[in-house]
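The next block holds one structure in the form of structure tokens; read it before the comments.
Rule-based calculations on the coordinates, nothing more; no lab input. This is a predicted model, so every value here is computed, not measured. Virtual Cβ from ideal backbone geometry, glycine too; neighbours counted across all protein chains shown.
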Amino acid sequence: MANKVVINGDNRKFTLSPDIKLYALIDAGFTKTAKGNYNYEHPLYNDSPYNAPTKLKMTINKELSHLTMVVTDRNGLQKVNIFKNKQLAPTVELLNYILKDLEERKIIVPVKD
């Protein structure tokens with residue numbers, strides 16, 4: 001089974017779906033890197049994606065067995081906890097929408113303890 005990941009500040013855990021398919025990754029917007037891994041970056045914005053203060057970054061290895069998922073600042077260098085600031089509630093809502101979409105595409109699944 002794949003690893004479990006938690007987004008900084010969130011209490012939910014996610015892992016890769018056992019039914020993950022390569023075409024689902026491509027349909028969802030993942031891009032293949034030179035090393036064969038699959039990257040996904042999505043700005044988490046309220047008004048304009050060009051001014052997004054944070055973004056969701058995900059990487060899945062080429063064997064489709066290891067997942068990393070983090071919310072970062074605009075540059076993608078620092079982890080950001082969007083759950084502790086009440087003003088970022090729309091950002092959390094957008095993140096939840098993206099995660100739900102990835103669940104429906106059978107890319108990730110929530111882990112229940």
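Brief remarks follow.
- Those residues of region 41-68 which are farther than 25 Å from I20 by Cβ and of a type in the set (G, A, S), in sequence order: S48, A52
- When region 61-100 is filtered for residues that are within 17 Å of Y38 (Cα to Cα) and under 10 Å from the mean Cα position of the chain (by Cα), the ones remaining, listed by number, are L67, T68, M69, V70, V71, I98, L99.
- Unmet criterion (only one of (1) of a type outside the set (K, R); (2) under 15 Å from the mean Cα position of the chain (by Cα); (3) not in a strand (DSSP E or B)) for Y50: (2)
- Pairs where the first residue, in region 81-109, is on the phi > 0 side of the Ramachandran plot and surrounded by 12 or more Cβ atoms within 10 Å (Cβ to Cβ) and the second is of a type in the set (D, E) and outside any helix (DSSP H, G or I), C-beta under 6 Å, 6+ apart: K106/D19
- Count of region 1-54 residues which are over 12 Å from V111 (Cβ atoms), of a type in the set (G, A, S) and touching a residue at least 24 places away in the same chain (Cβ under 8 Å): 4
- The residue that is farthest from G29 (Cα to Cα), among those in region 96-113 that are of a type in the set (A, V, I, L, M, F, W, C) and assigned to a helix (DSSP H, G or I), is L99.
- Residues (farther than 21 Å from D73 by Cβ and either in contact with a strand residue (DSSP E or B) (Cβ under 9 Å, 6 or more places away or on another chain) or aromatic (F, W, Y) (or both)) located in region 34-44: N37, Y38
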